[in-house]
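The values are calculated or read from the model by the stated rules, or taken from the named source; none is laboratory data. Owing to the predicted nature of the structure, the values given are computational and were not obtained by experimental measurement. Methodologically, a virtual Cβ is constructed for each residue, glycine included, from the backbone with ideal geometry; neighbour enumeration extends over all protein chains shown.
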Amino acid sequence: MPTTSIKRRVFLQGLAATNCLAAFSWPLAGFAAAEMLNVQKLTDRISVITGAGGNVVVYHGNQGLTLVDCGLSEHTTALLKLVDEISSKAPITTLFNTHWHEDHSGGNEAIHKRGTRIIAHENTRLWLGADFDVEWRNWSHKPRPKEALPDQTFYVSGKHDVGGEIVEYLHFPQAHTDGDIALFFPDSNVLVAGGLLANGKYPVSDIATGGWIGGLIPANAAILAKINDNTQIVPDRGPARKKADLKAQHDMLADLFEKMKTRTREGANDHDMLKEKLTADYDARFGNPEEFVMETYRGMWAHTYDMGGYI
């Protein structure tokens, strides 16, 4: 299927007609019609593009664009074409990676070639350049080329001028990974959660690269303390969510963590917990729990000391 050409004028008219919500879809070349890049305008300056893997956030600054994440590499051509279309080819000055996973960093190489500066936590840069296995995803990660690596890294939370407001990047160690950041745009009241908020499914902490449930729960709690009921939260995939959605995830994680610790002390393993339907109260909302339970259990073993050494 050829990529459909959509004029900027039509895009802007669509935004006005829908009060700044989802405006149009961009079919991906080579994919079925159902595979679409969708744009949801959150504010006058911020839009989120879904359908390219992980969500991609576009901030329209005074001197150019700031992107947060960039989807899978196979969608990069269509993604950049769409970004150019909705921004009249404004330069992409900055790209933040919320973490290393390739569905959020797959476009790094191509965007870097545009002269864009890539910013991420130091641990994200290290994982992008490393050779290791990720058991829960059943694949081996090979080092990305130097063009995919961030130009600028940091170790702690901080702030960055994106040409219109000051964005806060918030680092949460050992949560979804050990390099997770959330980006909060305080003037726009938009928070980009990256892998810290799953949309319609159980979140999985990647223990291969430093994540675990005992870090994800306080990360969610810290974000909840940062935002209000009107904050628009961009999750890992799909449309923007609200504070209540993040609280539902946090409360589910806190409850199941305690239940899993109890059953582990009693001698149960992850397969036992799945057979017992330990997650039954939450499956209707969060879906298939298998990956979540198995990876959470592995993470608990890796953090025996943090839990008092009782496993």
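Do we have Ala90 as surrounded by fewer than 22 Cβ atoms within 10 Å (Cβ to Cβ), aliphatic (A, V, I, L, M), under 21 Å from Lys41 (Cα atoms) and touching a strand residue (DSSP E or B) at 6+ places or on another chain (Cβ under 7 Å) here?
For Ala90, the condition - surrounded by fewer than 22 Cβ atoms within 10 Å (Cβ to Cβ), aliphatic (A, V, I, L, M), under 21 Å from Lys41 (Cα atoms) and touching a strand residue (DSSP E or B) at 6+ places or on another chain (Cβ under 7 Å) - is met.
Quick one: which strands (runs of 3 or more DSSP E) sit completely within segment 47-158 and have at least 1 residues that are within 22 Å of Trp212 (Cα to Cα)?
Where strands (runs of 3 or more DSSP E) fall fully within segment 47-158 and carry at least 1 residues being within 22 Å of Trp212 (Cα to Cα), they are 117-121, 132-134, 139-141, 152-154.
When segment 186-207 is examined, which residues are found to be part of a loop (DSSP other than H, G, I, E, B) and more than 14 Å from the chain's Cα centre (by Cα)?
Selection gives Pro186, Asp187, Ser188, Asn189.
Cβ-Cβ under 8 Å, sequence separation 6+ or interchain: first residue in segment 80-105 and free of Cβ contacts under 8 Å to residues at least 12 places away in the same chain, partner among the polar types (S, T, N, Q) and assigned to a loop (DSSP other than H, G, I, E, B). Which pairs?
From residues that are free of Cβ contacts under 8 Å to residues at least 12 places away in the same chain, there are no pairs.
Please go through segment 98-137 and pick out each residue that is modelled with pLDDT of 95 or more and of a type in the set (A, V, I, L, M, F, W, C).
Answer for segment 98-137, where residues must be modelled with pLDDT of 95 or more and of a type in the set (A, V, I, L, M, F, W, C): Trp100, Ala110, Ile111, Ile118, Ile119, Ala120, Leu126, Trp127, Leu128, Ala130.
Looking at segment 69-126 only, could you name the residues that are among the hydroxyl-bearing types (Ser, Thr, Tyr) and more than 26 Å from His176 (Cβ to Cβ)? It would help to see each step written out before you state the result.
Keep residues of segment 69-126 that are among the hydroxyl-bearing types (Ser, Thr, Tyr), which gives 73, 76-77, 87-88, 93-94, 98, 105, 116, 124.
Within segment 69-126, Thr77, Ser87, Ser88, Thr93 meet the criteria.
Under the condition of being more than 22 Å from Ala193 (Cα to Cα) and of a type in the set (Lys, Arg), which residue from segment 99-119 is surrounded by the fewest Cβ atoms within 10 Å (Cβ to Cβ)?
Ranking the candidates gives Lys113 first.
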